[in-house]
Each structure stands twice: as C-alpha cells, then as structure tokens.
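A quick write-up on the structure given underneath.
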Amino acid sequence: MEEYRGLFSRGAIGGLEIQNRIVMPAMGTALGGFDGRVTDDMIEYYRARAMSGPGIIVVEVACVDAPAGRALLNQIRIDHQRYLSGLSRLAEALKSGGSRAFIQLHHAGRQTNTLITDGIQPVAPSALPCRVSGSKPREATAEDIEDIKKKFIMAGVFAKQAGFDGVEIHAAHGYLLSGFLSPFTNRRTDGYGGSTGNRARIVVEIIGGIRSWCGGGLVIGIRFNMKDFLTGGIEEDEGEAIAGILEKAGADYLSVSSGMYESGHVSIEPQSFGEGWRLGLAERVKKSAGIPVFGGGVIRHPDFAEKAIAGGKADFLFVGRNQIADEKWAEKARKGQADKIRPCLSCNHCLDRTTKSLHIGCAVNPHAGRELRLGKLLRADYPGRILVVGGGPGGAAPQGAYRGVQGIPGRAVEGIRHTGPA
Ligand SMILES: Cc1cc2nc3c(=O)[nH]c(=O)nc-3n(C[C@H](O)[C@H](O)[C@H](O)COP(=O)(O)O)c2cc1C
Ligand code: SF4
C-alpha cells in the first residue's frame, strides 16, 4: 500500500517472514472454557481479526501451570497434551489471513489470588503481597524454580506441536517472570536474585530450554518491562541491560512494555495518555538491539503507526485495543480506508469485563467477543436513523480522535435499533 509503505513492508523474525509490521499483541479475552480449553467463541474472535491480515497475532496469556499460575478462572491452558487439539484449531484460524501465529506463555506469580488458584497459595520470587490482587504469595523454593522452568519449556514444546510459529514468554506486567526480573518484587539472596544477571537467570534458562527442545523451527520472543514505573523497580538503564541479556540468551525478538499491577495504568492506558507515548522505550532498545523490537501502547491511527515505523521507533508495532474495537484495522489501513476505522476510546470496558472472567466486550464494537453468535452482520429488521444522546466513553470521541468517528454526541448516525424487548 503506497500510503503506508513502511507499515506494510515485509519483515522477518528469526528467519520467519512476516507480511507487515502490525502485531496484534496478547490480550486476554476470557473466552476460554473454565476447564482451560480453547472454545469456538475464542476461535471466531481471533479469526475475525486474522482475516484482516496483521503480520503477527499473539494469542493471549496461556497458562503453563494451572491452577497455581492462573490469573483468570477461564484462562486457556498450555500445560497438558489434552489442550493441543483446541490450540491447533486456534493456530490454524490465526493463519487464515496470512498472519503468523504466536502464543504467549504465562504464569501469574503473585498477581492472582486463592479464589482463582483453587485455594493454592500463589508462588513468587519473594513473599511480597500484591496490593491489587490481594495475594500473599510464598517465596519460590529451588525445587519450585526447577519445576516452573520445566513447565515453560514443555509449554514451548506444546506450542510447536500445535502448529504455532512462535511463542512469546510473558516476562512483563508483574507476572511471575517479570517479578523475577524486577528488584521491586525480587528480594532473593540466591542465584536468582540480586544482580540484574541473577534476576534474569530464570528467563535465560527458559529460553535455552525451549531452544534446545524445539530447535530453530520456533520463534522465541520475550515481552518484558523496559520500565516498571514503580519506585525501586526497573528503570530504563536496567531495562536496556535486561534486553541485552535476553538477546544474548537467544531470544528472536523483544516486545517492549511497562508497568505491573501496582502501576497498571502504564501497561493498559486510560484515556489520558497520548498516542504512542511510550514508544521512546522501544526506540531505546532498538538502538542497541540486534534483533527485532516491538513497541506500542495507544497506537490508534495508521498515519501515526507509519511515522513510527518510518522514524525507526520500532521494527514492529503492537496495536492492541484498536484491533478489538475494529477487527478490520489492518485491512482498512492496507486498503487506504483509514478514515473508516472505528477507533478505540481507551475506556477499558474490555479489560473491566475480562478481569471479572466475563467474555471480552467492547464499548464501540458490539461484535467483539460475540463473533460466533452474531455472525458477520448485525442488522435491524427495520433499519432507521437514530440519534445518539449522551456523553462518556459510549457517546464521546476521545481527544485526538479522527474523521469517521461514530457516536459523537448529538450527531445522527445510521444505526441499529432494538426491535424486541430492550
Ligand atoms: C483486555 C486486555 C487484555 C490484555 N491481556 C494481555 C495479555 O494477555 N498479555 C499481555 O502481555 N498484555 C495484555 N494486555 C496489554 C496489551 O497487550 C497492550 O500492551 C495494551 O493494551 C496497550 O496497547 P494498546 O493501547 O494498543 O491496547 C491486555 C490488554 C487488554 C485491553
Ligand atoms: S472497550 Fe473501550 S478500551 Fe476496550 S477496545 Fe473497546 S473502546 Fe477500546
């Protein structure tokens, strides 16, 4: 596409060709079964986005050790062979528009609680309570660490067997591995605590283990925090050092993120944050890294994304909530129909639902999470003109929203009206 030449240029990660620079990052949907299986609802949610053709889709947090490492009651699992058939159907669906299929390997660590872990006390690098999840974890023993490493490595093997092109080790946002990396949560005095290298050791060993079991046929990426935005946590200088350690350990790409539950507003931003405000973190990693770097955070418009790629801020851009709000974000950008994109409002209604284990929903996209039940079209039997009255995220356009936004208060739009009981 002429208009977005950089964004739609081909890329490569670890020898794997990627059709463009758009990544749909891992985003929990709570569409999994309560037994941890992939559901048909989940497959159709992802297929709708895959058809639009982003370069990579990273499937949401998949638990490597349930129930102890679960962050959601209905989180998908990748810790037993019995989950492979659902995972392989999911991997197939992800590839239906040419995207590469990755899956995020996850252990919640201290950011869960006993209501979610079936009463098991959460495990963490140190016994530091989490103010947000309410957990009082126990410190991982040497045996726990060996067991956790094996579970991540086995999950990598399962991902490859299920047909995924890559895995993303979740070492960001305060979960177990992020907890090891950060001095805010890691107070250990053994070989897995203290210096930056010691805190990164568990991730380094997991990368090495997955590589030795899966060979070069599986991309191994890491999502990590360049900055925790917490006093006593990872700051940029250390983030850059961690990036170097992970690259040296054999990672194929680095997805640069930030924040923990205690600073969650810099992981999943509310409306007050400007478009691409944290791309500087990725840019800094990109300057020193020899492997591809993903950056993002509140990327709304393809114009902005194009400038970020052209300006060398990152090799790939993650566009998260905007691909929930409009499953055709990538396709519309590619076809030069950016003004038809339905923008995300950063209202976090989606997140509010999923943290309660309710299936994902979106304030501006009634289909999100309901693809299977609603099919492609949602049409009223008797179409009419409606007037949207009111404010708030449902009616207002976010600051900096662009042409084509629907639902501006007081503006009449073609819409759907209820034909039955409300
Ligand atoms: C509903 C929801 C679920 C999320 N789940 C995950 C997840 O499973 N793993 C992860 O690394 N990040 C997760 N995130 C963070 C996103 O991947 C992304 O980094 C964040 O939303 C900022 O990007 P955006 O502004 O483009 O949405 C989630 C975000 C949302 C809104
Ligand atoms: S619910 Fe809100 S934040 Fe989530 S994708 Fe939809 S508009 Fe964006």
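A few remarks follow.
- The chain - accessible surface per residue (Å², probe 1.4 Å): 40
- Within the accessible area of the chain (1.4 Å probe), percent carbon and sulfur: 52
- From the C-alpha gyration tensor of segment 246-315, square roots of 5λ in Å: 21, 17, 8
- Candidate aspartates and glutamates for bridging to K335, where Cα separation is under 15 Å - those fewer than 8 sequence places away on the same chain excluded: E2, E3, D303, E306, D326, E327
- Of the DSSP H helices in the chain, those with a Cα length along their own long axis of 20 Å or more and a mean Kyte-Doolittle hydropathy reaching -0.5 comprise 142-162, 196-214.
- Contact order normalised by residue count of the chain, Cα under 8 Å, 6+ apart, percent: 15
- In the chain, the alpha-carbon atoms span a convex hull of 134 Å³ per residue.
- Where trypsin sites (Lys or Arg not before Pro) fall in DSSP loop in segment 124-211, at most 10 other Cβ within 10 Å: R131
- Restraint check, K287/K340; K287/K307; K151/K328; K136/K248; K149/K313; K95/K287, Cα-Cα greater than 29 Å: K287/K340; K151/K328; K136/K248; K149/K313; K95/K287
- Centroid-to-centroid, using Cα positions, segment 267-311 and segment 229-253 are 17 Å apart.
- Most mobile listed residue (H301, H80, H359) in the chain, GNM with C-alpha springs under 10 Å: H80
- Centroid-to-centroid separation of segment 76-124 and segment 152-221 [C-alpha atoms, Å]: 15
The values are calculated or read from the model by the stated rules, or taken from the named source; none is laboratory data. Quick caveat, the model's predicted, so the values are computed rather than measured. Using ideal geometry, Cβ is built from the backbone for each residue, glycine included, and neighbour counts are taken over all protein chains shown. When the accessible area is computed, the model is the full protein with side chains, heavy atoms only, and any ligands, DNA or RNA have been set aside. Shrake-Rupley method; radii C 1.70, N 1.55, O 1.52, S 1.80 Å.
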